[in-house]
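Structure first, commentary second.
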Amino acid sequence: MLYRTVPKTGDRLSILGFGCMRYPSTRTGGIDEERTIRQIRQAIDGGVNYLDTAPVYHMGKSEVILGRALADGYREKVRIATKLPPWSVFDRDDMERILDTQLETLQTDHIDYYLLHSLSKSSFESMKMLGIFAFLDSAKKDGRIRHAGFSTHANNAVFREIVDSYDWDFCQIQYNYLDEKNQAGTDGLEYAAGKKMAVMIMEPLRGGNLAGRVPAAIQAIWDKAPVKRSPAEWALRWVWNHPEVTVVLSGMNDEAHIEENLRVADTALPGGLLEEDLATIHRARDEYWRLMKVGCTGCGYCMPCPAGVDIPGCFASYNTHALFPHDRTTKFHYIGQHGGLMGEKSSAGLCRQCGKCAKACPQHLPIPALMKDVAREMEGMMGVVVPVLKGGLWCMNKLGRVRRFVTGDKSHA
Ligand code: SF4
Ligand code: SF4
């Protein structure tokens, strides 16, 4: 296992991190806890020392099972990263209560890397108003958290604004060879690293879409390469090739994939790819772009939209859906990201057809017309799914408050 140093703190982290959002399931659809714990320990025994979870993963069970997996001396070998969900925070007491519950659930007295989860412009504004920076300062001071950071899928401008707002230790962004100009992108990666922040990478395989079953035209490119690597290895090596990257998270739930990722993480040095390797990856990237429905590069010149549409974000989901129509999770991700579940609504259906964006687009995309296509394709179930999921989150939040009332825990009330 290779390790990289967090510039601000000197902490040594494994370049491969374990993402705890996709635990293996049993035949009946529940989490296979025994196998999950074995896999987590297999990764740690192989050198992984960074594990990333969140209250919302597996509807709260991810943290519970991770806490159990880290018994028997494993806690001391690793750094835990978990997240504060802004959509469940309405006042400072909520911040305190959620963090204390997480410490209890994870069976630890401190969180090594604590993130604000999936910040958007609006959720960041509301967290600032609720005093998030004072909370992070005090939680660091009393030792409940060691390092403060955030994750986001926001565009580059919002990302830079968040980076500049606080003395963050780290951030977590989506990054892979298809997303160089999408969300924070390469510019955001370099910007954060330039401020000595550690940068953790999520979605290095775009939710698994760059691995496993890939479009035939892409597989043909990998097959012609002089060196034989799986699509997953090509994608991971591309991310690790960037010296600004600290940890790459992988949501591993198969023993063979864990072994493969551990093997690749033994040799994936920054700058380790040859010119011919990069040329092969660029051919695959160009083919992906050719197969996509909309030639949006994610440059963001069309933004902001007066109706609140996240134009590049909507196109990114629409393209992913076109490339991988068999992947049913893309629509759910779209709804989660743009349906108003984790911040303000930013879906294509908000488009008022004003045409302002089209004038600014260097690709000359007919954005208003395309927005109609995106809304038709991606938003069919949104009117049902969003209220149901919002209701679920509301109940989880209320249950936490009821539990506090019943147990008489008034320490943070
Ligand atoms: S045409 Fe639609 S997407 Fe474009 S700026 Fe106007 S409202 Fe926004
Ligand atoms: S200006 Fe055009 S290419 Fe750039 S993000 Fe907007 S739609 Fe995409």
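We did not get these values from a lab; they are worked out from the coordinates using the rules stated. The structure presented is a predicted model; accordingly, all values stated were derived computationally and were not measured. Methodologically, a virtual Cβ is constructed for each residue, glycine included, from the backbone with ideal geometry; neighbour enumeration extends over all protein chains shown.
If I take all pairs of Cα atoms in the chain, what percentage of them are more than 35 Å from each other? So the pairs more than 35 Å apart make up 26 percent of the total in the chain.
Placing a label point 7 Å from the Cα of Leu274 along the Cα-to-Cβ line, the residues of the stretch 222-242 whose backbone N sits under 11 Å from it are 226-228.
How would you rank Leu84, Leu273, Leu16, going from fewest to most other Cβ atoms within 10 Å of each one's own Cβ? Present the calculation step by step, with values, prior to reporting the outcome.
Working: Leu84 26, Leu273 18, Leu16 29.
If I rank by nearby Cβ atoms, fewest first, I get Leu273, Leu84, Leu16.
Karplus-based coupling profile of the stretch 25-42, in residue order and whole Hz: 10, 7, 5, 8, x, x, 7, 7, 5, 4, 5, 4, 5, 4, 5, 4, 6, 4, with θ = phi - 60° in 6.51 cos²θ - 1.76 cosθ + 1.60 and x standing for Gly or Pro. Under the criterion of Cα pairs below 8 Å and six or more residues apart, the relative contact order for the chain equals 15 percent. Ranked from largest, the principal axis spans of the Cα set of the stretch 170-281 equal 39, 31, 25 Å. Each 5 Å bin, from zero up to the one with the longest distance, holds this percent of the alpha carbon pairs of the stretch 292-388: 2, 14, 27, 26, 18, 9, 3, 0.
Near Leu341, no amide H atom lies under 5 Å from its own; only residues 5 or more places off or on other chains count, and H is placed 1.01 Å from N.
Along the stretch 276-282 the Karplus relation, 6.51 cos²θ - 1.76 cosθ + 1.60 evaluated at θ = phi - 60°, assigns HN-Hα couplings of 5, 5, 5, 5, 4, 5, 5 Hz to successive residues, with x for each Gly and Pro. The H on the amide N of Tyr50, modeled in the peptide plane, is under 5 Å from the matching H of Ser14, Phe18, Arg79, each at least 5 residues off or on a different chain.
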